[in-house]
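Student: Before I ask anything, here is the structure I am working with.
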2 protein chains.
Amino acid sequence: MSEKVSVEKKVLSENDRIAAQIREKLGAKRIVALNLVSSPGSGKTSLLERTLDALNGDIKMALVAGDVQTENDAKRLIRAGGMLVRPIVTGGACHLDASMVSNALNQLDLTDVDVLFIENVGNLVCPSSYDLGEDMKVVVISTTEGDDKPLKYPSMFRRSSAMVINKVDLLGLSDFDVSKVKDNALGINGGLRIFEVSCRTGAGLNDWYTWLRELIIRKKRNET
Amino acid sequence: MSEKVSVEKKVLSENDRIAAQIREKLGAKRIVALNLVSSPGSGKTSLLERTLDALNGDIKMALVAGDVQTENDAKRLIRAGGMLVRPIVTGGACHLDASMVSNALNQLDLTDVDVLFIENVGNLVCPSSYDLGEDMKVVVISTTEGDDKPLKYPSMFRRSSAMVINKVDLLGLSDFDVSKVKDNALGINGGLRIFEVSCRTGAGLNDWYTWLRELIIRKKRNET
């Protein structure tokens, strides 16, 4: 397997090189870049729809949306209007890499964009290894997935800066324990900023919007 | 990237060689082998708990349980008792491979075992590429994940022989449309056997148990 490991290392170091270029490009434009990661169906696209609905007009948003197949997520946001969207179909690959994101960004007019969302492939494992030039990873977890997920997929929670707990409207219908998932996640990464939301009902989303605004302001001031 | 592709091909062909050995070994013992695949938190372990609870005594079951980190799933089943269990911690790898399963099987006494479950890592992408010597893959999808998942992760649904739709007790609390997920899945793989269940309430599980019994009977008769 050492041949495999050495090729993987080479691929990752090439990825890091391109990610650094993306970071420099976005940094020069003072664009906040968030890499959204989660299991399939946790609600990344719903979170983006809510965010667009709430902040459109105040904040200029762009999205690079990755999926193994279909451009459906991208199309949901394009239909909503107001967000610059570029889909990436990975064609089987289990994660986005920096080269895919770089190509997609070359096809977006980033003038005056405040925040770039990168919606990764729904996968709690592989995307954790790939730097996409983002300022931070945001992991979305839904209350129907089980409160043990941080323990089972620690790398993703370690490398994320924020955790959005989605589908809190379904609490009580499963054994999911919010305080347990927080303990599990904070035990791995004590610096995690945590949001408890329902993209279905809208509950808890104001804190998320406020945080986004703060990130943008800090970026404009060149504090991050 | 051609170096990466050629190494991947080599890894997969070595995997197939070991998978064929597993298949021969299990075939000689007339053991039904099911490779359970799903997103994180779809309910693979809950399905196994229910199955163990219902069929223990009638059917002798063994389990190889994979996780990126922790042996928690394996421990849940070990605590329940009655099932031979061997955990595999992949230590970061996003899928089980045949070599991991082969090593785990060498540590299980398979005498008189009727059915072997292989609980894969929660990931709808990577495990689809790895033959583990199973008779068939069974994909578990929960109603909280969205009915678009077959379209977004077609390879997994194409390579599975059965689809278990779990958490039907939560239908109506999301936009999940059972007929749509069936259409989406059957459009990719018309031969899929479909079960609609709730591992929480027990609804629909009798069909699943009956199917398992039929598989075992056919295997003993050497019909599969």
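Student: So if a site counts as exposed when it's one of the trypsin sites (Lys or Arg not before Pro), its DSSP state isn't H, G, I, E or B, and it has at most 16 other Cβ atoms within 10 Å, what's the longest stretch of chain A without one?
Tutor: Maximal segment without exposed cleavage sites: A:31-220.
Student: For chain A, set up a GNM with springs between Cα atoms under 10 Å and report which of A:SER128, A:SER46, A:SER179 has the largest fluctuation.
Tutor: Looking only at A:SER128, A:SER46, A:SER179, the largest GNM fluctuation is found for A:SER179.
Student: A further question follows. Using a/c under 1.5 as the rounded threshold, could you call segment B:151-224 rounded, prolate or oblate? The axes a ≥ b ≥ c are square roots of the C-alpha gyration tensor eigenvalues, and prolate needs a/b larger than b/c, oblate otherwise.
Tutor: Oblate, since a/c reaches 1.5 and b/c is not below a/b.
Student: Further, regarding this structure: As a check on your grasp of the helix formula, calculate [θ] at 222 nm for the protein assembly as shown: sum -39500 (n - 2.57) over DSSP H runs of n ≥ 4, divide by the residue count, round to the nearest 500.
Tutor: The helix-only estimate for the protein assembly as shown comes to -12500 deg cm²/dmol at 222 nm.
Student: On to the next question. With point charges of +1 on the Cβ of Lys and Arg and -1 on the Cβ of Asp and Glu, referenced to the Cα centre of the protein assembly as shown, which listed residue (B:VAL11, A:ASN103, B:THR143) lies farthest in the positive direction of the dipole?
Tutor: After comparing all options, I get B:VAL11.
Student: Given Cα positions, please report Rg to Rh for segment A:27-130, the hydrodynamic radius being the Kirkwood one.
Tutor: In segment A:27-130, Rg relative to Rh is 0.93.
Student: Among B:LEU192, B:ALA54, A:ILE194, which residue has its Cα positioned farthest towards the positive end of the charge dipole of the protein assembly as shown, with +1 placed on the Cβ of Lys and Arg, -1 on the Cβ of Asp and Glu, and the dipole taken about the Cα centre?
Tutor: B:LEU192
Student: A further question on this structure: Using Cα springs under 10 Å in a Gaussian network model of chain B, which residue among B:GLY81, B:GLY172, B:GLY191 shows the largest mean-square fluctuation?
Tutor: Per the Cα network of chain B with a 10 Å cutoff, B:GLY172 tops the list.
Student: At B:ARG158, label 7 Å along Cα→Cβ: distances to the other copies, nm, ascending?
Tutor: When each copy's label point is compared with this one, the spacings are 3.5 nm.
Student: Let me ask you something else. Which whole-number percent gives the relative contact order of chain A, counting Cα pairs below 8 Å spaced six or more residues apart?
Tutor: Worked out over chain A, it gives 24 percent.
Student: Using the Cα atoms of segment B:2-220 to build a convex hull, what is its mean projected area in square nanometres?
Tutor: 12.0
Student: Under a point-charge model restricted to the Cβ atoms of Lys and Arg (+1) and Asp and Glu (-1), what is the dipole moment magnitude of segment B:2-220 relative to its Cα centre, in debye to the nearest 20?
Tutor: In total the dipole reaches around 400 debye.
Student: Apply 1/(1 + (r/R0)^6) to the Cβ-Cβ distance of A:ARG221 and A:ASP53, taking R0 = 30 Å, and write down the FRET efficiency to the nearest 0.05.
Tutor: 0.65
Student: Placing a label point 7 Å from Cα toward Cβ, how far apart in nm is B:ASP58 from its equivalents in the other copies, listed shortest first to one decimal?
Tutor: Copy-to-copy label distances at B:ASP58, shortest first: 5.8 nm.
Student: Within segment A:130-171, name every residue whose backbone N is under 17 Å away from a label modeled 7 Å from Cα of A:ALA20 along the Cβ vector.
Tutor: Flagged as within label range: A:130-135.
Student: Greater than 22 Å separation of Cα atoms is the criterion. Which listed pairs, B:LYS152/B:LYS180; A:LYS25/A:LYS219; A:LYS4/A:LYS149, meet it?
Tutor: A:LYS4/A:LYS149
Student: Further question on the same structure: Picking from A:ASP183, A:ASP58, A:ASP131, which is most flexible by a Gaussian network model of chain A using Cα springs under 10 Å?
Tutor: A:ASP58
Student: Turning to a different aspect of this structure: So the label point sits 7 Å from Cα along the Cα-to-Cβ vector; using that for A:ILE194, what distances do you get to the other copies, in nanometres, sorted shortest first?
Tutor: 3.8
Student: Take A:PHE195, B:PHE117 and order them by how many other Cβ atoms sit within 10 Å, fewest up front.
Tutor: Least crowded to most crowded, the residues run A:PHE195, B:PHE117.
Student: Something else: For the pair B:ALA203 and A:THR111, how long in nm is the line joining their label points, each one 7 Å along Cα→Cβ?
Tutor: So the two model labels end up 5.4 nm from each other.
Computed from the coordinates by the stated procedures, all read-outs in this text should not be read as laboratory data. Since the model is a prediction, treat every value here as computed from it, not as a measurement. When we count neighbours, we look across all protein chains shown, and the Cβ atoms used for this are built from the backbone with ideal geometry, even at glycine.
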